[in-house]
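Enquirer: The structure is given below, and queries will be raised subsequently.
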Amino acid sequence: MRRPSSKSVFESCFSQEAVREVVATRLTEHTARGVDGVGYGTFIANLDQNVETICSKAVPGEYCFSPYRQKLILKGAASFPRIVSIPTIRDRVTLRCLNNFLCLVFGDCKPPHAHPVVTDAIKSFERATPNDSFVKLDVKGFYDNINHRTMERQLRKRIKHEPAISLILRALATPTGATVQEGRKNTLGVPQGLSMSNILASIYMLEIDTKYGSRLDIDYHRYVDDILIRAPSSEIAPVASQIAKALKRTRKLTVHPLGSGKSAIHPFGESVSYLGYKFDGSVVSVREASIKKMMTSLMRILAGMNDANALKSIWRLNLRISGCRIQGSNVGWLFYFSQINDYQILFRLDKQIKARLSALGRSALYSQCKRFIKAHREIKFNHVNTDYVFDFDQFTRAQMLSAIYLIKPGAEGKLDNRTDAEVKAIFFKTMYREAREMERDTLGAFS
């Protein structure tokens, strides 16, 4: 069957119908504002005009992006903060349409979630023999060092429509944290945080992934800048060298040298950390830094507990333990680490919560706390039907009001006469704030 031309696919992704579908399915009241300060409400109030602007400018490749707003995410005292680019809402819709286009043209490049990569890594450790070794390679500044000319060459291999190429390159060249007056352009790297950032990175690495992922004598896994390889011990160093040289020669990317702590060879039987997990023979665990990060989050909640906010503190503690479903997404530490089989970690976390409550003279409250061990079992074996995990998408109006009043005692009774839509908007705004806190618990698990 003949593949549709990139021109027809591009134009269909920027039809009025397609753009409106992106608006309906991808924007919410909580969508972050860009440098123009325009929020969701204002954008929707002028929806017809915004859709017309996107379609009329994007189809001929003439759409211009506003500079991205800069957001810094701290990764610890020893690391530079991660720079996240936040587009305006109209640009966000345009970028999502571009992402949809790229996913159709490069269907084999859709970036996977970390979970299937971890699943495949687990299988590699299960089939490893004493004659095998593992090597972990870390690419320096992966997103920041993606070369635009090399990226353009990869795009042109399948995209033969010039307006599409022009629009993608213009999105890449748009600066972060600058003003229009400065006239500055981004000449290197893919801005992080854009809807198309991940698929662009996958397109950039496609040939490397295909070459080494198809070899029968090794197992090759990559998630963004983290590469893990299983190979015969006699071949592990040469394979690592081959990949490092290929990345440097064909992608202008540099790998941290072996032995640097970021990249290392691990003989059979030695524990290996990858994507926040720790693999030690048949034991799949969590690396210690990730455990400490979660424990710090839990202890911070308990440290702020007093007689007035005890119920609120237990509620927030339970949310950290079980995680939640919100707007169709699973959020939380245990959701990410659901593939572990080292249950001692979970017992340890439960024990530390119990001990801390006892030290605070609040042992009686432990009966109201969820358990890590039970939450893990429910997520892993009963995630569809469980009611142990907070499912905010299924909350009734009464449950929403109860949660809001618990978190914001000063609002007690003030929302009783609000419409269902107003209560729902306030509820999800409040819950999103809690969800962002939970995301910080797993942030840094990969590095």
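Enquirer: For the chain, what is the relative contact order in percent, using Cα pairs closer than 8 Å and at least 6 residues apart in sequence?
Expert: 14 percent
Enquirer: On the protein heavy atoms, probe 1.4 angstrom, tell me the percent of accessible surface of segment 180-321 carried by carbon and sulfur.
Expert: Result for segment 180-321: 53 percent of the exposed heavy-atom area is carbon or sulfur.
Enquirer: Near the amide H of His266, under 5 Å away, which other amide H atoms are found, from residues 5 or more places off or on another chain, if H is placed in the peptide plane?
Expert: Phe134, Val135, Lys136
Enquirer: Determine the equivalent ellipsoid of segment 176-276 by diagonalising the alpha-carbon gyration tensor, then write out the semi-axes as square roots of 5 times the eigenvalues, largest first, rounded to whole Å.
Expert: 32, 15, 13
Enquirer: From the backbone phi of segment 196-204, what are the Karplus-calculated ³J(HN,Hα) couplings (6.51 cos²θ - 1.76 cosθ + 1.60, θ = phi - 60°) in whole Hz, Gly and Pro given as x?
Expert: With coefficients 6.51, -1.76 and 1.60, one gets 9, 4, 5, 6, 4, 5, 5, 4, 4 Hz.
Enquirer: Let me make sure I get this right: for segment 109-177, a, b and c are the square roots of the gyration tensor eigenvalues over alpha carbons, sorted descending. Under 1.5 in a/c it's rounded, otherwise prolate if a/b > b/c, else oblate. Which is it? All intermediate terms of the calculation are to be shown ahead of the outcome.
Expert: Details: a/c = 2.92, a/b = 2.34, b/c = 1.25.
Note, shape of segment 109-177 comes out prolate.
Enquirer: Per residue, how much accessible area does segment 361-410 have with a 1.4 Å probe, in Å²?
Expert: With the other protein chains kept in place, segment 361-410 gives 55 Å² per residue.
Enquirer: Have a look at Thr88, Val59, Gly141 and report the one farthest towards the positive end of the charge dipole of segment 57-150, computed about the Cα centre with Cβ charges (Lys/Arg +1, Asp/Glu -1).
Expert: It is Thr88.
Enquirer: Quick query: amide H of Lys278 versus all other amide H atoms, modeled in the peptide plane; which residues come in under 5 Å with a sequence gap of 5 or more or a different chain?
Expert: HN-HN under 5 Å from Lys278: Ser285, Val286, Arg287.
Enquirer: Could you pull out every one of the lysines with an alpha carbon less than 18 Å from that of Lys157, ignoring same-chain neighbours closer than 8 positions?
Expert: Lys7, Lys110, Lys211
Enquirer: Taking 0.36 nm per residue of sequence separation and subtracting the Cα-Cα distance, how much length would be gained by fully extending the chain between Glu412 and Met295, in nm to one decimal?
Expert: Details: separation 117, 0.36 × 117 = 42.12 nm, distance 3.11 nm.
Extending this stretch completely gives an extra 39.0 nm.
Enquirer: When the convex hull of the C-alpha atoms of the chain is computed, what volume per residue in Å³ does it have?
Expert: It is 177 Å³ per residue.
Enquirer: By how many nm would the segment from Lys71 to Glu17 grow when fully extended, if each residue of separation counts as 0.36 nm and the alpha-carbon distance is taken off?
Expert: Length difference between fully extended and current span is 16.3 nm.
Enquirer: So, with +1 on the Cβ of K and R and -1 on the Cβ of D and E, and no other charges, what is the size of the charge dipole of the chain about its Cα centre, to the nearest 20 debye?
Expert: Its charge dipole is roughly 680 debye.
Enquirer: Could you state the number of Å between the C-alpha centres of segment 359-402 and segment 126-182?
Expert: 40 Å
Enquirer: Could you work out what % of the accessible surface of segment 341-447 is carbon and sulfur, using a 1.4 angstrom probe and leaving DNA, RNA and ligands out of the count?
Expert: Heavy-atom surface of segment 341-447 belonging to carbon and sulfur, 1.4 Å probe: 51 percent.
Enquirer: If you plug each phi of segment 18-26 into the Karplus form 6.51 cos²θ - 1.76 cosθ + 1.60 with θ = phi - 60°, what whole-Hz ³J(HN,Hα) values come out, in order, with x for Gly and Pro?
Expert: 5, 5, 5, 5, 4, 4, 5, 9, 10
Enquirer: Quick one: which of Lys278/Lys370; Lys312/Lys354; Lys71/Lys160; Lys370/Lys414 span more than 28 angstrom between C-alpha atoms?
Expert: In this structure, Lys71/Lys160; Lys370/Lys414 exceed 28 Å between Cα atoms.
Enquirer: Would you list which aspartates and glutamates come within 19 Å of Lys429, measuring only between C-alpha atoms, while excluding same-chain residues fewer than 8 positions from it?
Expert: Within reach: Glu29, Asp391, Asp393, Glu412, Asp416, Asp420, Glu437, Glu439.
Enquirer: When the dipole is taken about the Cα centre of segment 339-447, and only Lys, Arg (+1) and Asp, Glu (-1) are charged at their Cβ, what size is it in debye, to the nearest 20?
Expert: Dipole about the Cα centre, nearest 20: 420 debye.
Enquirer: Report relative contact order for segment 344-436 in percent, whole number only (criteria: Cα-Cα under 8 Å, sequence separation at least 6).
Expert: Here the relative contact order equals 18 percent.
Enquirer: Enumerate the residues in segment 124-144 having an amide nitrogen under 13 Å from the point lying 7 Å beyond the Cα of Ser234 toward its Cβ.
Expert: 131-132
Enquirer: Over segment 74-147, with every protein chain in place, what whole percent of the accessible area is carbon and sulfur at 1.4 Å, could you tell me?
Expert: With neighbouring chains kept in place, the figure for segment 74-147 is 53 percent.
Enquirer: Further, regarding this structure: With a probe of 1.4 Å, find how much accessible area segment 158-265 has per residue, and write the answer as a whole number in Å².
Expert: Counting only protein heavy atoms, the per-residue value for segment 158-265 is 45 Å².
Enquirer: A further question on this structure: Once label points are set 7 Å from the Cα along Cα→Cβ at both Thr28 and Ser5, what is their separation, rounded to one decimal in nm?
Expert: 4.0 nm
Enquirer: Please state the shape class of segment 251-305: rounded when a/c is under 1.5, otherwise prolate if a/b exceeds b/c and oblate if not, all from the C-alpha gyration tensor.
Expert: oblate
Enquirer: Here's a follow-up. Stokes-Einstein diffusion coefficient for segment 267-393 at 37 °C in a medium of 0.692 mPa s, Rh from the Kirkwood formula over Cα pairs: what value in µm²/s? Could you put the intermediate results ahead of the total?
Expert: Details: Rh = 15.5 Å.
The Stokes-Einstein estimate is 212 µm²/s.
Enquirer: Taking the Cα centroid of segment 187-207 and of segment 1-73, what is the distance between the two, rounded to the nearest whole Å?
Expert: Cα centroid of segment 187-207 versus Cα centroid of segment 1-73: 19 Å apart.
Enquirer: Would you please give the residues with an amide H less than 5 Å from that of Asp342, counting only those at least 5 places away or on a separate chain, with H modeled from the backbone geometry?
Expert: Correct list: Val284.
Enquirer: Further question on the same structure: Ignoring ligands, DNA and RNA, what accessible area per residue does segment 1-76 give at 1.4 Å, in Å²?
Expert: For segment 1-76, the per-residue accessible area is 61 Å².
Enquirer: Relative contact order of segment 179-322, please, whole-number percent, based on alpha carbon pairs below 8 angstrom and at least 6 residues apart.
Expert: It rounds to 9 percent for segment 179-322.
Enquirer: Also: Charges at C-beta only: +1 for Lys and Arg, -1 for Asp and Glu. How large is the resulting dipole of segment 1-111 about its Cα centre, in Debye rounded to 20?
Expert: So the dipole magnitude of segment 1-111 works out to roughly 480 debye.
The values are calculated or read from the model by the stated rules, or taken from the named source; none is laboratory data. Note that the coordinates shown come from a computational prediction; the quantities given were computed from them, not determined experimentally. Positions of Cβ are generated from backbone atoms using ideal geometry, with glycine treated the same way; all protein chains shown enter the neighbour counts. Ligands, DNA and RNA are stripped out before the accessible areas are found, and what is left, the full protein with its side chains, is counted by its heavy atoms. Shrake-Rupley method; radii C 1.70, N 1.55, O 1.52, S 1.80 Å.
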